[in-house]
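The values are calculated or read from the model by the stated rules, or taken from the named source; none is laboratory data. Predicted model only: the values in this text are computed from it and were never measured. Neighbour counts are summed over all protein chains in view; Cβ atoms, including those assigned to glycine, are modelled from backbone coordinates with ideal geometry. Accessible surface areas use protein heavy atoms only, side chains included; no ligands, DNA or RNA. Shrake-Rupley method; radii C 1.70, N 1.55, O 1.52, S 1.80 Å.
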Amino acid sequence: MSNYILPLMVLGIVIYGIIKKVDLYDVFLEGSKESFKMAYTIFPNLLAMIVSVNLLIDSGILEFLIELVLPFLKIPIEVISLAFMRPISGNATLALLNTIYTKYGVDHFYSLLGSTIQGCTDTTLYVIALYYGSIGIKNTRYALKASLLADVVGITASILVCHFLFS
């Protein structure tokens, strides 16, 4: 069924366009032109975010923060790394979560905790850099602080709930 959803949606759009007597080719070209303009405005923000993430990782600050927190928590370094990386990069945390699954198995407490953290938090810095930057907002006011606080609360709640339910 899933193989047919996208072609059926395209077919539905074409049929709707024919019924409404819309020149579909011209509308498609106009949408393509707009997407290039949007990509042009988003690219500098995306590039800045990628460079910032690489600097954070390559500078050793992330490892320093993880080593600082590690003695206080009874969870492996992979889960702590996932918690620190989640506000920055979704793909990096998916790779870390896959590593946890491979090392411990998908039903292990650490895997369940990593999955819960993944679901309770967002890629805050990426979202703010991309969306705010794409529309030209330079002053995020309280959005960044509130979003990072929400990530901390989500991570803390994940740890507490998983310890309560799964350990």
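Worth a mention:
- Sites L148 and T102 - FRET efficiency at Förster radius 41 Å, r taken between beta-carbons, to 0.05: 0.90
- Accessible surface of the chain, 1.4 Å probe, proportion on carbon and sulfur as whole %: 70 percent
- Rounded tilt (10° steps) of 109-120 against the dominant C-alpha axis of the chain: 40 degrees
- Three-way shape label, the stretch 89-167, alpha-carbon gyration tensor, a/c 1.5: oblate
- Dmax and Rg, reported as Rg then Dmax, of the stretch 1-153 (C-alpha, Å): 21.0, 67
- Stretched out straight at 0.36 nm per residue, the stretch from K138 to F43 would grow longer than its current Cα-Cα span by 32.6 nm.
- Gyration tensor verdict on the stretch 51-93 (Cα atoms; rounded if a/c is under 1.5, prolate if a/b is larger than b/c, oblate otherwise): oblate
- For q = 0.10 Å⁻¹, Debye-computed log10 I/I(0) when each Cα of the stretch 26-106 counts as one equal scatterer: -0.40
- Solvent-accessible area per residue, Å², over the chain with all protein chains present [probe radius 1.4 Å]: 70 Å²
- Taking every lysine pair in the chain that is 8 or more places apart or spans two chains, those with Cα atoms closer than 28 Å amount to 8.
- Positive minus negative residues near Y40 (Lys, Arg vs Asp, Glu; Cβ under 13 Å): +1
- The chain: angle of helix 90-104 to the longest principal axis, Cα-based, in degrees nearest 10: 50 degrees
- Per-residue ³J(HN,Hα) for the stretch 61-68, Karplus 6.51 cos²θ - 1.76 cosθ + 1.60, θ = phi - 60°, Hz, x for Gly and Pro: 5, 4, 4, 4, 5, 5, 5, 5
- On the beta carbon distance between F28 and L8, with R0 = 25 Å, the FRET formula returns roughly 0.85.
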